[in-house]
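Peer 1: Handing you a structure now.
The values are calculated or read from the model by the stated rules, or taken from the named source; none is laboratory data. Note that the structure is a prediction, hence the values are computed from the model and not measured. Here Cβ is always computed from backbone atoms with ideal geometry, including for glycine, and neighbour counts include all displayed protein chains.
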Amino acid sequence: MAQRAIARFGLSLIRRNLKPATSYNVCKKRSLHNTPTTVDNSLTKSYSYSTEGNNPTSGSEESASDEPFENDEVINDFMKFDEELKEKLKTLDSVSIPRKSDSLADYVNSSKVLQTLVMFGVELYTIEKQFKEALDFLVKLDLNRDVVPKLQFLKKNKLTPQEFGATVTKNPHILDPQNKIEDFEEMIEYLRSKKFTSKQIASLLVRYPKFLTLSVPKIDGILGFYQKLPTNFANTIYFSGNQLRSLIIRCPSLLTADLEAVFLNIKLLEQSFGFSLPQIKNMVTIYPNLLLLEMKELELRCRLFLFEMELTKEELSQAALVFNNRRKRTETRHYYLKSLGRNQYKPDQKGYLSMLDVVVGTDEEFCEKCKVGTIEDYERFLKTI
């Protein structure tokens, strides 16, 4: 309808310019002077002319240019010759881009970039919640200039197309035009110089791509901190290159952790609970996430294991995976075993139960491995506390 209306308007202007040739008054005047007049029937609707005097036989005396125009054939001819008008008409049917929005969903229909990211499995709703600052540049990206080269960079570093979505979702700033591919390549070369393998680098890119947008000097300082982990009494816990790489691969969040909080956790273990440096190193090697626990939570778990469950520091250092469990659940299972007289965690004592069997796994697995009744028995106990 918009195309037909514009075409009518254009032809109306043309006909007004041709008004002397199509006006009834002009035709009548020419008839009086015996001048034959030819009228294009395709440009008239309500007038018909006699063969003798060219007088109108029906319709009003208004100019034909004021009549509505509905000849589809002429409209099509007009549009064929007016290419510029046709291009403008096409834009009337195109999807408009919202001027302002707080949601990427409003831009998906009009953005090839966002459509491409969705196709690769990028979770736009997650980005909206966790990276609100990224919304501004995501809607302005150019597919060929900003997105394709960086996806090619990820592919070059052993990532599959199925992994692109997870990587961009976890760190959409990879696509920020301010972050250059040259900087990414410099980071990869640095990791290779530290003897990280291609497989390990690919694992970091998928599991924790935040490191990619850090600077090389900052990463270098962080790795140096963990390789010579400072303690309370001006000593250090030294990790070899292989040990350090293992820590980072298993717990890449260490790269962006608060280093002061990490130091305070080491201080707590050494000063407040009396762990030796070899014991702390062994605990960190077994469970690197220990360094990321909140200081208060780490203190409560240590008190539970050392004072309530009566483990020695050496036993706890050898079973550091017990920290990878909710404290409340561990506490509840211990009280259940205590009510049955089965809370025996010493390897040299009769009825010994492994701490990993007690702490790790579901409630059903706990009851089965420790042989302390059925899950129904355990659930009845839970209702009493």
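Peer 1: How do the pairs read when you match residues in region 230-247 that are surrounded by fewer than 18 Cβ atoms within 10 Å (Cβ to Cβ) with residues anywhere that are modelled with pLDDT of 95 or more and in a loop (DSSP other than H, G, I, E, B), using Cβ under 7 Å and keeping only pairs 6 or more apart or on different chains?
Peer 2: Close Cβ pairs satisfying both conditions: G241/K195.
Peer 1: Next up: Find the helices (runs of 4 or more DSSP H) located wholly in region 175-289 whose residues include 1 or more that are outside the structural domain of L300 (by TED's automatic domain parsing) and among the polar types (S, T, N, Q), and list them.
Peer 2: Answer list for region 175-289: 181-193, 198-207.
Peer 1: May I pose another question? Need the failing condition index for R192 against (1) over 26 Å from V168 (Cβ atoms); (2) without any contact (Cβ under 8 Å) to a residue 40 or more places away in the chain, just the number.
Peer 2: Of (1) over 26 Å from V168 (Cβ atoms); (2) without any contact (Cβ under 8 Å) to a residue 40 or more places away in the chain, only one is false for R192: (1).
Peer 1: Go through (1) assigned to a helix (DSSP H, G or I); (2) under 19 Å from E270 (Cβ atoms); (3) out of contact with any strand residue (DSSP E or B) (no Cβ under 9 Å at 6 or more places or on another chain) one by one and return the number of the condition E368 breaks.
Peer 2: (2)
Peer 1: Right, here's the next one. Go through (1) in contact with a Ser or Thr (Cβ under 9 Å, 6 or more places away or on another chain); (2) over 16 Å from L255 (Cβ atoms) and name the single condition E182 misses.
Peer 2: (1)
Peer 1: Next up: Being touching a Ser or Thr at 6+ places or on another chain (Cβ under 7 Å) and either farther than 30 Å from K170 by Cα or modelled with pLDDT of 95 or more (or both) narrows it down to one residue among Q243, Q271, Q227, Q318; which is it?
Peer 2: Of the residues listed, the single one that is touching a Ser or Thr at 6+ places or on another chain (Cβ under 7 Å) and either farther than 30 Å from K170 by Cα or modelled with pLDDT of 95 or more (or both) is Q243.
Peer 1: Here's a check for you: in region 358-372, which residue that is more than 38 Å from the chain's Cα centre (by Cα), surrounded by 13 or more Cβ atoms within 10 Å (Cβ to Cβ) and without any contact (Cβ under 8 Å) to a residue 24 or more places away in the chain is nearest to Q318 (Cα to Cα)?
Peer 2: K369
Peer 1: Further question: Restricting to region 323-347, what's the tally of residues that are surrounded by 16 or more Cβ atoms within 10 Å (Cβ to Cβ) and aliphatic (A, V, I, L, M)?
Peer 2: Result for region 323-347: 1.
Peer 1: State which residue is farthest from the chain's Cα centre (by Cα) when the search covers only region 125-144 and only residues that are within 15 Å of I174 (Cβ to Cβ) and either free of Cβ contacts under 8 Å to residues at least 24 places away in the same chain or outside the structural domain of V206 (by TED's automatic domain parsing) (or both).
Peer 2: The qualifying residue farthest from the chain's Cα centre (by Cα) is E133.
Peer 1: Here is a list: L353, L311. Which entry is free of Cβ contacts under 8 Å to residues at least 24 places away in the same chain, part of a loop (DSSP other than H, G, I, E, B) and among the hydrophobic types (A, V, I, L, M, F, W, C)?
Peer 2: L353
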